[in-house]
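S.K.: First the structure, then my questions, so here it is.
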Amino acid sequence: MKVLILSDFDGTITTKDTLVELLDIYAYPKWHAIAGLVARGKMGTRVALRKEFSLFYLPKNQYLSFLRKKIKIDPYFKSFVKFIRNKGARLVILSGGFSLNISQTLKKYKLGKMLFYANKLLFKNGKFEIVYTHPGNGCRQCGNCKKDRLLQFKKKGYYIVYIGDSVTDHCPVREADLVFAKWNLEIYCRKRKIPYILYKNFNDIKNYLSKNLLTK
C-alpha cells in the first residue's frame, strides 16, 4: 500500500499559526473582525487573506527576520519526518498560507527538500501581493484548494493520511482515509461525524502510525 501523509503547516507543523502571529503584531485588532467573518462562514480565506494583508506593510527583510525569530515547529516534527522517510512513505505539506513561510522554516530547521503547496507572497511597490496558486474548481473559498490536491494524489493510488487543525482543512478531511485533527478541525469533525484521531503533537501521530499503519 502506498501511504501519503498530507499535513497542514500553520498551527500544525508550527507551534503557532505564522499568519496569526504576524497579524497580531502588525494588524491588531483590525484583522480580528475579518477573521470573525471567516469563522462564521461569511467570507472565504481567499478574500480574507488579501483584506488582512492590506492592513499593513512590512519590508521583505523585516518579514524574513520575523520568520527566523518568531516561528517554531512542533518539537517532534523532525523525528516524525525521519520516521516517515524510513518507512518509505511520502510526506507533503498543504498550506493555506505562504510558500515563503514554509521554505524559510524548512531551511531554519534543516529539514531538507520537502514537497509543499502554498500561496505565494510577493513584495511590490510598498505593498503585499498575494498570488493564489490553486483556487480549485468552482470553489471560491481557499486560495490553495487542499481538497483538489488530495484528490489528485488519491487518483494515483495513495492511501491518504491527513493532519490538520483549522478552517482550510475542513474540505480535505472529507476525502482522506485517515484523519488526525485538533483545535478547530477536531470540533468540525466531531460535529459532522467525520472519523478522526485527536492528537497533541507529531509524537502522538508517529506512535499511532507505527502501531496501526506503518508497522513494517
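The numbers here are math on the coordinates, done by the rules we state, and not lab data. From a predicted model like this one, the values you see are computed outputs, not experimental measurements. Reconstructed Cβ throughout: ideal geometry from the backbone, glycine too, with neighbour counts over all protein chains shown.
S.K.: Hey, among Ser79, Ser65, which residue is closer than 22 Å to Asn125 by Cβ and small (Gly, Ala, Ser)?
M.R.: After applying the criteria, what remains is Ser65.
S.K.: Give me a count of the residues in the range 196-212 that are out of contact with any helix residue (DSSP H, G or I) (no Cβ under 9 Å at 6 or more places or on another chain) and either surrounded by 12 or more Cβ atoms within 10 Å (Cβ to Cβ) or free of Cβ contacts under 8 Å to residues at least 12 places away in the same chain (or both).
M.R.: 5
S.K.: Could you grab me the full set of residues in the range 108-128 that are more than 18 Å from Asp17 (Cα to Cα) and either surrounded by 14 or more Cβ atoms within 10 Å (Cβ to Cβ) or without any contact (Cβ under 8 Å) to a residue 60 or more places away in the chain (or both)?
M.R.: Those that are more than 18 Å from Asp17 (Cα to Cα) and either surrounded by 14 or more Cβ atoms within 10 Å (Cβ to Cβ) or without any contact (Cβ under 8 Å) to a residue 60 or more places away in the chain (or both): Lys110, Leu111, Gly112, Lys113, Met114, Leu115, Leu122, Phe123, Lys124, Asn125, Phe128.
S.K.: Here's another thing I want to ask about it. Of (1) surrounded by fewer than 16 Cβ atoms within 10 Å (Cβ to Cβ); (2) charged (D, E, K, R); (3) assigned to a helix (DSSP H, G or I), Arg46 satisfies all except one. Which?
M.R.: Against the list (1) surrounded by fewer than 16 Cβ atoms within 10 Å (Cβ to Cβ); (2) charged (D, E, K, R); (3) assigned to a helix (DSSP H, G or I), Arg46 comes up short only on (1).
S.K.: State which residue is farthest from Gly11 (Cα to Cα) when the search covers only the range 159-195 and only residues that are surrounded by fewer than 21 Cβ atoms within 10 Å (Cβ to Cβ) and among the hydroxyl-bearing types (Ser, Thr, Tyr).
M.R.: The qualifying residue farthest from Gly11 (Cα to Cα) is Tyr159.
S.K.: Those residues that are surrounded by 13 or more Cβ atoms within 10 Å (Cβ to Cβ), among the aliphatic types (A, V, I, L, M) and not in a loop (DSSP other than H, G, I, E, B), I need them from the range 1-38; list them, please.
M.R.: Hits for the range 1-38 are Val3, Leu4, Ile5, Leu6, Leu19, Val20, Leu22, Leu23, Ile34, Ala35, Leu37, Val38.
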